[in-house]
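No lab work stands behind these numbers, since they all come straight from the coordinates. As the structure is a computational prediction, the values presented were derived from the model and not from experiment. Don't worry about glycine lacking a Cβ; one is built from the backbone with ideal geometry, like all the others, and counts go over all protein chains shown.
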Amino acid sequence: MLAATLPAFLALRGRQSLSILNYHRVLAEPDPMRPDEPDSATFRWQMKLLADYFHPVGLEEAVIRLSQGSLPERAVCVTFDDGYADNAEVAAPILEALNIPATIFVATGFINGGLMWNDTIMEFARIAAAGTYHAGKFELSIPEAAGYDIRRLKAGALIREIKHLPVAERQSLVDQLIACTQPLLPHDLMMNEAQLKELSTRDIQLGAHTVSHPILASLDDNLALKEITRSKSDLEAITGLPTRLFAYPNGKANIDYLQQHCKMVAKAGFLAAVSTQWGVARADSDPYQLPRFTPWDKTPSRFLLRLMLNYHRKSDTDSKGFSL
């Protein structure tokens, strides 16, 4: 019933509206430390729904056509943030099989074996022995016989506590946390240059996501500009192609980035930028603050319905979710 009526229903407000989906990782298998990240099977049925009932478009093309008023009905883009290796190893083959273009926003300071600060905490919590580990005034306590749920929650709490600190201070705290144990942390979570080059030859566009994934609002303007422009030049040096799209780290307007950062992005020569504000983009949306929205539902029918309802938001900054 839903599948049969969806195209007609969407056509009511699906014209000249753009839903931009936002992913980070696509796991080969489910991971109890990352239950909110889709595995390959889940991602496959999600992309199959897009291929069957929507019109997937590359983000750069979509931005241009949105301004021209020539978007197809039910236009949708697929994007990924950070530059995880499983984007290339797991997600890309699924996208290619279904002929779905995508954009991957890469934090360039972590390619070739790097590990983002939040992943360092999460992976440390996965393997750490029971005990209390200190990072300045902060701590991570792993109870005896703690399972993955407890470890994940403890790590998540610490991540939230230090997320908005200046980059150097935040990294220093992470280094303190792991210094006493020298844990065997993974060095293959992020893409390498060879993977980036390979993806750039396919229907996957690379976008900039800063170098060190800072909260731009926590930086002085000179450092923020360097983060924005260097990530662009890093990718262009690797691929030999222009980098025209940008994603703000963490991505909440007036919290994680400010208006001056939008101006920096525009002046640096980017065509458009995406945030993590929920919503749908329309012709009057700010091209340097395009909203994104990804349904969190675990069943195809609810995922489909929530994505459908996104086209009916009253504005591209409406942050309220839909109850189903």
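Worth pointing out:
- The fewest-to-most ranking of Ser141, Ser231 by surrounding Cβ atoms within 10 Å reads Ser141, Ser231.
- Of all lysines in the structure, the ones whose alpha carbon falls short of 17 Å from that of Lys197, not counting any fewer than 8 places away in one chain, are Lys232.
- Selected from Asn87, Asn254, Asn99 as most flexible by GNM, with the chain as the system and alpha-carbon contacts under 10 Å: Asn254
- The chain: calculated mean residue ellipticity at 222 nm from DSSP helix runs of at least 4, using -39500 (n - 2.57): -12000 deg cm²/dmol
- Calculated P(r) of the chain - Cα pairs past 28 Å, %: 41
- Net length gained if the chain between Thr181 and Asn99 were fully extended (0.36 nm per residue, minus Cα distance): 25.0 nm
- Centroid-to-centroid, using Cα positions, the stretch 66-118 and the stretch 136-215 are 19 Å apart.
- Measure of compaction for the stretch 149-303 (Cα Rg per 2.2 N^0.38 Å): 1.17
- Among the listed pairs Lys48/Lys163; Lys163/Lys263; Lys48/Lys263; Lys154/Lys298; Lys137/Lys226, those with a Cα-Cα distance over 27 Å are Lys48/Lys163; Lys48/Lys263; Lys137/Lys226.
- Residue exposure sequence - Lys154, Lys163, Lys267 - by fewest surrounding Cβ within 10 Å: Lys267, Lys163, Lys154
- Pairwise Cα distances in the stretch 117-180 exceed 14 Å for 49 percent of all pairs.
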